[in-house]
Amino acid sequence: MFRNFLKITFRNFQKNKSYVFINLLGLGLALACCIVAYLNWEFAAKYDRNHVNHERIYKIQINKSVQEQNVPYGITPLPLGGQIKGKVAGISHNSRYMSDGLVLKKELKVFNQSIAFAEDDFFEMFTFPFKYGNKEALLDRSKIILSAQTARTYYEDEDPTGQIITLVKEDGTPLSMTIGGVLEDIPLNSSVSFNAITHWDNYLKIREFDRNDWKQFIGATFVMAESKGYPQNLQDDLNANYVAIQNEIRRDFQVNNYYLLQLTELGSHAEGLRANWLNEPPPPPAVVVPVIMAALLLLIACFNFTNTSIAVSSKRLKEIGIRKVMGGDRKQLIMQFLGENLILSFGGLLVGLVIAEFLVPAYSAMWDFLNIELDLLANPEIYVFLIGLLIFTSGIAGAYPSIFISSYQPVSILRGSVKLGGTNWFSKSLLGLQYLFTVIALISSLAFGNNAKYQSEADLGFRKDNIIGIRVEDQSQFERYFNLVSQMPEVEQLTGTAHHIGWWTYGRTLKSAENDVEAGMMNFSLNYHEVMDLEIQKGRYFQEDLAEYDRENSIIVNESLVEEMGWADPIGKIVKLDDTTNLSVIGVLKDFYMNGFFAPVEPAGFRLAEKDNMNFVVIRSAKPSAELKDLLEAKWYEVAPNTPFNGQFQENNAMEGTEYVNNNIEIMFRFLGMVALVLSSIGLYTLVSLNVIKRTKEIGVRKVLGASVMQIILLMNNQFFWLLFISSSLGAALSYFAIDALMSSIFSVYLAASLFTVIVPLITLVLMAVLIASVRIANSAVSNPVNSLRSE
């Protein structure tokens, strides 16, 4: 019986090669996209779960009280981890952790690297498998452990254990260290990630920090509980014993309370967390959008499968009739057709796996935060997904055709009174849904392309063209480099500053009589606003003749802070900086978007930088940035031969992330749109062909009675035109709201989909559909009517 089933199945496939090819390709593409979406989702879902003890590891967090609300911070006081060590029941391990950007040098290989510092218990808590060496190397202050990627950078494929590598401090002082081991590749879906790691004491030594200095903050303090369950006793101990100590030392940063966050929850809380110095997971849209796109494409492929299955059923009418007459019941026929669909779906899955071998690495390469790969041996969980996907696909795509085809009555079939199915309301509805999804994808692609262009030309609130910022390590390096580049004729304007737009800010609470506001603070130089074209809306900027006074007593605020404070006239208002320093507002800067258009402009305050605290040289040139880079880099190595040139062009720094996201989403929707368009066009061609076959004699009669080819085309196109026009219009309306919802979840400033963005793809799609249908109808309409009427 099973042998006969296979014979019938493959004979049917042999007779309908084009049908089999279309569905294998369509299902293969859709299932490949589903595999990509699953791996992308799995990457985010398994964030921080690579650590064996992830359920018992917690990170200490801070709540700072602002306007009677808790504002969460990811940093902790430097001494806290040392103070609680071994003092709280139920806590087996703890480790402070900090990551810092330092130069790692081996002969001529000099690169900036992320160097982590951790305490003795770190490798007892976190799972980082060793490729060479062992975890004992962390206990030796003279040793450093490299990641596999870093080891390849400096030593290629050799084992570097025992070799000497130089860590260059910010002041240029070299620190020779012995390589104690090499870790396996660190997964990107980990909050804790670094290029190299060494003992915590080396951090205190390099930064020259007192281990009991409560004024300093670090990136993280981790603890590990002896058993699963929230360590409430630790939280109680922290709040009872260490809040008052911290607040007494740092009156400018008042802690409301401490709380604990499980390691696996760090990712879901990262978005609203201030001072988060750990890695962050992919943003929610980057996880949700691929799933939605893959689901849409799979539905389109399934609908196409259903319509083509019904369309070719006409070739099997006599088979069905004879099998029913010979005693076969409907259940057997349903199982036969479901089995055929399952085999075809399985073939589509195999094609999908082949396509996914190319699609997965291509998608992974699009995103810096992502590293996914299709490894069927290393990831057994994917088999559950693939089996479920196979059952779902074969069920959705094959259930209706199986039930529909098996419902034919044998008497009607053998009498010849059964007409071809396939152009009923169900098939037309499926075709309409295909075009609805297609128009959504095409409009989305165009909308994100237009948004990318709009945002690249939009005003950020500062000058980004021909501006380059170079980070310096200390005042001596600043003065030498500043003097060198000031003599270059290519330099139009030049300034030194403590903070530079696009790099970092520091958070402080600004209090006035009206309100308390958590603000991002930056310290600018006297002429920074001129170099960067920052616009003063009210009041004045810092003045050279009032520099000493302004440095101690003045502050400039942005428009968002004025709005948050509720000030009608901000000039002259007094704000208290963290309850310690009274400052007078002397000016209002126009809002500017520091890191592109992802987030709205937050309240900010600006103070005059100290003369001996310059962290950046900022240069404005009349020459294009690319031509200026080589000249500036040559000057840099005259000053700092052992430190890589770190200059960043403002146009890249400001908009790189925005363009990157826009372009990638546009590519994704363009791919979805093209595949959906091809599948929908095939589905349309199939249904039109079926309709033409059903009405062949009608076409012949109309031609005999004098109907022209154009009249026949218009007549037969009518039902498809209105179906596709209505479904595409509905898709266009849905896409307008869907695109706005998606863009608003990603950007704070964006170009909403315009009428042009919606209408052009809609009209193009409908015209293409009419053209496809017209060509197929015309092929039949131009034929000799004698051929179609001969059998009558």
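In table form, for the structure just shown:
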| item | result |
| --- | --- |
| Inter-part distance where region 131-161 and region 477-554 are each reduced to a Cα centre, Å | 42 |
| Full-stretch length increase - ILE245, LEU350 - with 0.36 nm per residue and alpha-carbon distance subtracted | 31.5 nm |
| Sulfur and carbon atoms: percent of accessible area, the chain [1.4 Å] | 56 |
| Interchain or long-range residues, amide H under 5 Å from ASN276's placed H | GLY74 |
| 5 angstrom amide H check on ASN523, placed H, neighbours 5+ away | HIS499, ARG607 |
| Dipole magnitude of the chain, debye to nearest 20 (Cβ charges: Lys/Arg +1, Asp/Glu -1, about Cα centre) | 6040 |
| Under 15 Å, Cβ to Cβ, from SER680 - net charge with Lys/Arg +1 and Asp/Glu -1 | +2 |
| Modelled FRET efficiency - R0 25 Å, LEU631 with THR173, Cβ distances, 0.05 increments | 0.35 |
| Extension gain from TRP503 to SER584, taking 0.36 nm per residue of separation minus the Cα-Cα distance | 26.5 nm |
| Gain upon complete extension [LYS7, VAL775; 0.36 nm per residue less C-alpha separation] | 272.8 nm |
| Cα shape, region 523-596, gyration tensor, a/c 1.5 rule | oblate |
| Spin-label pair LYS205/SER227, simplified geometry with 7 Å Cα→Cβ offset, distance in nm | 4.1 |
| Tilt relative to the chain, helix 425-457 - C-alpha long axis, 0 to 90 degrees, to 10 | 30 |
| Long pairs among LYS59/LYS105; LYS59/LYS573; LYS106/LYS629, criterion Cα-Cα beyond 28 Å | LYS59/LYS105; LYS59/LYS573 |
| Table column - 3J(HN,Hα) (Hz), region 217-226, Karplus curve with 6.51, -1.76, 1.60, x for Gly and Pro | 10, 10, x, 6, 10, 9, 10, 10, 7, 5 |
| Spacing of the two label points (7 Å from each Cα toward its C-beta) at TRP722 and ASN112, in nm | 6.5 |
| Structure-derived Rg and Dmax of the Cα atoms in Å: which label, when the choices are [x] 46.5, 148; [y] 26.8, 92; [z] 33.7, 107 | [z] |
| Peptides ranked, highest mean first, by Cβ atoms within 10 Å: ranges 113-121, 253-261, 170-178 | 113-121, 253-261, 170-178 |
| Rounded to the nearest 20 debye, dipole of region 494-566 from Cβ charges on Lys, Arg, Asp, Glu | 160 |
| Nearest-ten-degree value, helix 755-781 long axis tilted from longest Cα axis of the chain | 20 |
| Crossing angle, helix 709-746 versus the chain [Cα axis fit, 0-90 degrees, rounded to tens] | 20 |
| Dipole axis of the chain (+1 Lys, Arg; -1 Asp, Glu on Cβ), positive-most option in ALA568, TYR155, GLY180 | TYR155 |
| Region 95-139 shape via C-alpha gyration tensor axes, a/c threshold 1.5 | oblate |
| Residues with amide H under 5 Å from that of MET98, placed H, sequence gap 5 or more | PHE117 |
| Average accessible surface area per residue within region 548-700, 1.4 Å rolling probe, Å² | 41 |
| Spacing of the two label points (7 Å from each Cα toward its C-beta) at MET768 and PHE385, in nm | 2.9 |
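The values are calculated or read from the model by the stated rules, or taken from the named source; none is laboratory data. As the structure is a prediction and not an experimental result, all values here were calculated from the model. Backbone-built Cβ (ideal geometry, glycine too); neighbour counts: all protein chains shown. Calculation scope for accessible area: heavy atoms of the full protein, side chains included, ligands and nucleic acids excluded. Shrake-Rupley method; radii C 1.70, N 1.55, O 1.52, S 1.80 Å.
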